[in-house]
Amino acid sequence: MSTQPLPSSEYKLLNCLKPLLNYRRTRRYPLPIGDDAAVRVCGAAEKLVLTADSFVQDVHFSLKYMTLEEVGYKAMAVNLSDCAAMAALPDGALVQIMFPQKQGTAKVTADMKRLYAGMDTACRRWKFPIAGGNLSRGPCWIIDITLLGRMERSRVLLRTGARHGDGLWVSGNPGEATAGLAALRKWGRRGVPPAYRPLAARHVRPVPRIELGRALAREPRVHALIDISDGVAKECRTLAYENNLGIDLAVGPACVSPTVRLLAGRLGKDRLEWFLHGGEDYELMFAAAPTFDPVAFAGHGVPIARIGTFSRLQRGVCLRRADGGATSLGPGGWDHLRKGLL
């Protein structure tokens, strides 16, 4: 360890954060934090998956109902969900933080330790390090994460690959995260009634489906995969477009959890709207052959349900109504550009 004085306050802050970066010198990551870039050593049979996401204060999260530890965890989980959608294992992350420029050094240091503690929780759970990054001041909290995933002799599942007659499947209960956000906005973090706290937790602390994504990649009857970050309807439109197929949606009552139905009734909201157009569930949606057997995936701790069928006989996405008719689903879900540029 150098006996020289630290060259800057950034070095001092990084030294405070190093115990929270989950770094251990390994064959894959031989260099510790501190150089201009991270080094990843690859084997001949490995593929690297790289993904990046931004997490911006008052756009993606609010400190009115989330702690900085929860913000750090969720910022990492968002990227982990992209990794799951590629059926990859997380391997390492680069983290760029912009902290509010009006805060003093002591508060910045304390807040950054909380933020990194949350990211460290995700890193330890899925066993990968933060390998580098950057710090700067800015107008608000902005967390940019680049995640590297690895695939060792496993099949790459893409958004393309769906076939006519394939079933459309989802994991979990989409709409729960949006329902949880509605509860947080209605009652605040401390005031959410006990019955709805699990929904609030689904918004604040999502669980990326890493293990399920890997299992789906090993099933040859699964043909395409995407994660649900911007709502079921929007992801369906993406799959329909990418595969040049139509999708018939048939959303049964079992797809919407009883707690969501209860909360929707209490708040006067449409539970189907939450299911179709809510976001931030970070569940998986996939296309699978008609012979796909969901029973084989029961051991992964999350239910999966068929909600539709791919068809070359139509375009776009249609929602089948109880009376047998169909409604075309237009744009919905989260879209950063809709209000400004599209």
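The values are calculated or read from the model by the stated rules, or taken from the named source; none is laboratory data. This structure is a prediction, so every number in the text was calculated from the model and none was measured. In this analysis, Cβ positions are derived from the backbone assuming ideal geometry, glycine residues included, and neighbour counts consider all displayed protein chains.
I'd like to check which strands (runs of 3 or more DSSP E) are fully inside the stretch 77-193 and have at least 2 residues that are under 28 Å from G278 (Cα atoms) and in contact with a Leu (Cβ under 9 Å, 6 or more places away or on another chain). Steps first, please.
On the way: elements: 89-100, 130-138, 142-152, 167-171.
Output list reads 89-100, 142-152, 167-171.
Please give the number of the condition V251 fails out of (1) at pLDDT 90 or above; (2) of a type outside the set (S, T, N, Q); (3) within 16 Å of A233 (Cα to Cα).
The number of the failed condition is (1).
Residues that are among the aromatic types (F, W, Y) and closer than 21 Å to V204 by Cβ: which helices (runs of 4 or more DSSP H) entirely in the stretch 223-307 hold 1 or more of them? Working first, answer last.
Working: elements: 232-243, 258-267, 271-277.
Hits in the stretch 223-307: 271-277.
What residue, among those in the stretch 1-56 that are surrounded by 17 or more Cβ atoms within 10 Å (Cβ to Cβ) and of a type in the set (S, T, Y), is modelled with the highest pLDDT?
This residue is T51.
Check S54 against each of (1) part of a strand (DSSP E or B); (2) over 30 Å from K186 (Cβ atoms) and name the one condition it does not meet.
For S54, the exception is condition (2).
For the stretch 101-147, enumerate the residues that are among the hydrophobic types (A, V, I, L, M, F, W, C), touching a Ser or Thr at 6+ places or on another chain (Cβ under 9 Å) and surrounded by fewer than 16 Cβ atoms within 10 Å (Cβ to Cβ).
Hits for the stretch 101-147: nothing passes.
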